[in-house]
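Scroll down for the structure; my scribbles are underneath it.
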Amino acid sequence: MPVTNEMGAAGIQGGALEVVDLSKVFHTRTGAIPAVQGVSFRVAPGEVLAFLGPNGAGKTTTIKMTAGLVLPDAGDVRVGGVSLWARHDAVTAQLGAVLEGSRNLYWRLTVRENLEYWGTMRRLSIRAARQRADELLERVGLADRARNTVQTLSRGMQQKVALCQALMHRPHVLLLDEPTLGLDFESGEGIKRVVRQLAQEGTAVLLTTHQLDVAQELSDRVAMIRSGRLVLEGATADVLARYSQPVATIVAATPWPADMAMRLAGLPAAVTGVDTLSVDLADDRGSTLYQVLARLNPHPLLKIERHQADLAQVFQEVMGDAAGEVGGATPVALSAGSVREGAVTS
């Protein structure tokens, strides 16, 4: 079902989150610190964008500017085409946020009291807040904890309540900062399940996390930031494909015979272990692997797999490249659906 906001805030009917050329410089006694420099990205309704970077890269500052908590020096944030800074209250009414390290709940209040309080703060009626609280607690599996004070809950349960709080007003855009950090497996899976459901219902989700496996599992798109500049952006599948190697690994059920290297003569394949070999598919036109398999026949095989990069490998490679840049990364404009990557400048 499509996302609707019970308040209908000032005519904003949902839509994409757009971050446009955000910049922020912090001034200290020792000088100016450029925290964010011209960052732009878009999160469409029903999409999860993983916003990744090392500590100090500018992620938190970008998220706080997106949430309306920090005023940028330049740039804009828009929801449904409406500027956050032109209509602050109307746009923030369409945002929900769970920020890591922030106190999102009153610990001495019960779960239900927290949700009802935050619901009325978001201009829901008492009745609507109670109904919405019941609906959300049922959704995250905490209906039986409604009367418990927040301070008596486990960390995983507290995180679920914080997520419920952010969803009380049915926001079109959800900002999540480290939503599964420190949670046990079951709690983490519960949070991920709800995030997937929200995206399926049309919520635009901006996710920041250092857990790259979680980012890979949940995201449709990925953006990476370093030293305040965006250095890569693209569809997650495209990014992984770009950084995957054109190599297939074949594992045998038993050790290769002594003449295996001779059998493979003339083919881009090499024995790499007593029961493994690799096949270079860089110039493959669809027949190389079959030719190799024909020469292996009838030796029993255990598995064949093509190299597939994961986000951890991509992150290490991109951040290593970005660290070696002189003058920062200049965004390269590419066609829709492609991977946009920072270019080295000198």
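The values are calculated or read from the model by the stated rules, or taken from the named source; none is laboratory data. The shown structure was predicted, so the numbers you read here are calculated from the model rather than taken from an experiment. FYI the Cβ positions are ideal-geometry reconstructions off the backbone, even for glycines, and counts take in every protein chain you see. To get the accessible areas, we keep the full protein, side chains included, count just its heavy atoms, and leave off ligands, DNA and RNA. Shrake-Rupley method; radii C 1.70, N 1.55, O 1.52, S 1.80 Å.
Here are some notes:
- Candidates are the residues of the stretch 106-148 that are polar (S, T, N, Q) and within 12 Å of Val161 (Cα to Cα); the one that is nearest to the chain's Cα centre (by Cα) is Asn114.
- Scanning the stretch 247-278 for residues that are in a loop (DSSP other than H, G, I, E, B) and either surrounded by 14 or more Cβ atoms within 10 Å (Cβ to Cβ) or among the aromatic types (Phe, Trp, Tyr) (or both) gives Trp256, Leu264, Leu267, Pro268, Asp275.
- Verdict on Leu52 being open to solvent by less than 10 Å² (accessible area, probe 1.4 Å) and farther than 21 Å from Leu17 by Cβ: no
- Residue-level check: of (1) within 30 Å of Pro54 (Cβ to Cβ); (2) surrounded by fewer than 15 Cβ atoms within 10 Å (Cβ to Cβ); (3) acidic (Asp, Glu), Asp283 misses just (1).
- Every residue from the stretch 133-180 that is among the hydroxyl-bearing types (Ser, Thr, Tyr) and in contact with a strand residue (DSSP E or B) (Cβ under 8 Å, 6 or more places away or on another chain): Thr149
For (1) surrounded by fewer than 16 Cβ atoms within 10 Å (Cβ to Cβ); (2) under 11 Å from the mean Cα position of the chain (by Cα); (3) at pLDDT 95 or above, each residue gets a yes or a no:
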residue: Leu176; (1), (2), (3): no, yes, yes
residue: Pro179; (1), (2), (3): no, yes, no
residue: Phe185; (1), (2), (3): yes, no, no
residue: Ile191; (1), (2), (3): no, no, no
residue: Ala199; (1), (2), (3): no, no, yes
residue: Thr203; (1), (2), (3): no, no, yes
residue: Thr208; (1), (2), (3): no, yes, yes
residue: Leu212; (1), (2), (3): no, yes, yes
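Table: residues versus (1) touching a Phe, Trp or Tyr at 6+ places or on another chain (Cβ under 6 Å); (2) modelled with pLDDT under 95; (3) not β-branched (Val, Ile, Thr).
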{"position": "Thr236", "(1), (2), (3)": "no, no, no"}
{"position": "Met260", "(1), (2), (3)": "no, yes, yes"}
{"position": "Ser287", "(1), (2), (3)": "no, yes, yes"}
{"position": "Ala309", "(1), (2), (3)": "yes, yes, yes"}
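- Residue selected from the stretch 15-38 under the condition without any contact (Cβ under 8 Å) to a residue 60 or more places away in the chain and open to solvent by 60 Å² or more (accessible area, probe 1.4 Å), by the criterion nearest to Leu175 (Cα to Cα): Asp21
- Leading residue by the ranking (farthest from the chain's Cα centre (by Cα)) among those in the stretch 69-105 that are among the hydrophobic types (A, V, I, L, M, F, W, C) and open to solvent by 50 Å² or more (accessible area, probe 1.4 Å): Ala86
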